[in-house]
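Taking it in order: structure first as structure tokens, then the write-up.
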Amino acid sequence: MIALIKFYSKSYLHLSVCCLVLLFSQSAQAGQQINNVRIWLAPESTRLVFDLSGPVQHKIFALKNPDRIVIDIQGTNLNTNLNKLNLAASPIKKLRAGNSQPLRIVFDLLEPLKPTSFSLAPNNDYGHRLVVDLARINIAKVPEKQKPAAIVEPNPTIAKVASKDKAVTKMAFKVPAGKKLRDIVIALDAGHGGEDPGAIGASGLREKVVVLAIAKELEKLIDAEYGFISRMIRRSDYYVGLRGRTAIARKKNADLFISIHADAFKNAKARGASVWVLSNRGASSEVGRWLAQKENSSDLIGGVGNLSLDNKDKVLKSVLLDMSMTASRKDSREVAGKIHKNIDKFARMHKSGVESAGFLVLKSPDIPSILVETGFISNPSEEKSLRTVAYRKKMARAIFAGIKEHFLHKPPVYTAIYQQKHGDALVKRQQYKVVSGDSLSGIAFRYGVKLVSLKQLNNIVGDKIRIGQSLQIPTS
């Protein structure tokens, strides 16, 4: 009997403890609060950030007729006014919340959106957060800004010039009839943005604000110059992922990618601007990453990936991609050196030459890419300079001067600057005879020219070439 009483006593105690744990857990969950909501508008998406008192569980889904997004958040109370959120220029008409549990927040939409969401742990600036990204589905394509470009007449001038060995064909620079010469495209990446402020100076100056201002100054200089045009990665205060930044540059057919930042260090005495390119180790690891993604590497090497690949083709693919990145990194270092020299004329430099590191944003195998640290925002003196319009304009002019110097010396073929440089002067044109195993992509990379230029010059549609065929090689 005593044993039975002990058994029931222990069972009751165990049950009581379990109930208390469950009640405590529910109480803890129910105690979470949404203390604030922030919104960031980007051209292709809208981000909302819910500031929380602690971690939460949630689910999100879309509804139609009318278009709505619904998010259910477990054990959470709303401790802020949703009506104070500025929804102007956003695709959201209204936010409303219910009083039940789980807490349901409904987004009434002006157009259909695709939702994704994730949680963020606390950092130095914020506590727990719930991030909701609403991607636009029906985006009206906004035409890119254009500048007038000359149309080149057909029928290139050809002359035979005798040499000791054989006659050499020389040709004045011409492009296919009716084709416009293009501008040199510079992609400008203002670092950080939106939820990510970047480094913050002692007086509160935020990196994301400084670098966007410098990028806009640089944009003005580029767009005012004949033969050049800029493409901004972000135009206002929103965040773009690091891989997304290089993807945008590639989509805009950039000839050069420049990422602008303002450095920071725990020691406030650290100072000096710096210019960075991709390190050797970063380059080799990136080649491997791209090769692991067939669709990406196929795009980069201009069609090789569309062929039926056996082991030899994979080796060729690796070689071509490595050659592409080697050429890109060579141009990156040349531009970086010129920009470093120009900044050194008015600002203190952190190092005496161009530096290298494995920055993710520089890892584009087909686009020359550099990163400019415009100064240490964590240094009070340099933070003061970065705050001024005069310093920002000096920095923009120094960067642009380096860009211009590089491309005036080495303009891409079929650009207005290339024609301006060569005019009607006779330019030596190399010839190549196709042999067994050749591909257009392989020939293009062998001579360091773009596949599209090779095809245009030789009036080739598609990718077919024949053994013995004679090809003219573009001069750039």
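Annotations
- Among the listed pairs Lys266/Lys393; Lys180/Lys345; Lys145/Lys421, those with a Cα-Cα distance over 31 Å are Lys180/Lys345.
- Whole-Hz ³J(HN,Hα) from phi, Karplus 6.51 cos²θ - 1.76 cosθ + 1.60, for segment 240-252, glycine and proline x: 10, x, 4, 5, x, 5, 5, 5, 5, 4, 5, 4, 8
- Between Lys220 and Asp108, the simple spin-label model (points 7 angstrom out along Cα→Cβ) gives 4.2 nm.
- A full extension of the chain between His422 and Asn124 corresponds to an added length of 101.8 nm, given 0.36 nm per residue minus the alpha carbon distance.
- The smallest convex shape that holds all Cα atoms of segment 30-136, its convex hull, gives 96 Å³ per residue.
- Between Asn35 and Asn138, the modelled label-to-label distance comes to 4.0 nm, taking each label 7 Å out from Cα in the direction of the beta carbon.
- Rel. contact order, % - alpha carbon contacts under 8 angstrom, at least six apart, segment 32-126: 28 percent
- Using the Cβ-Cβ distance between Gln146 and Asn77 with R0 = 45 Å, the FRET efficiency computed as 1/(1 + (r/R0)^6) comes to roughly 0.30.
- Leading residue at positive end of dipole, segment 30-136 (Cβ point charges), from Asn99, Ser53, Phe118: Asn99
Every number here is computed from the coordinates shown, using simple stated rules; none is lab data. Computed from a predicted structure; not experimentally measured. Positions of Cβ are backbone-derived with ideal geometry, glycine not excepted, and every protein chain shown enters the neighbour counts.
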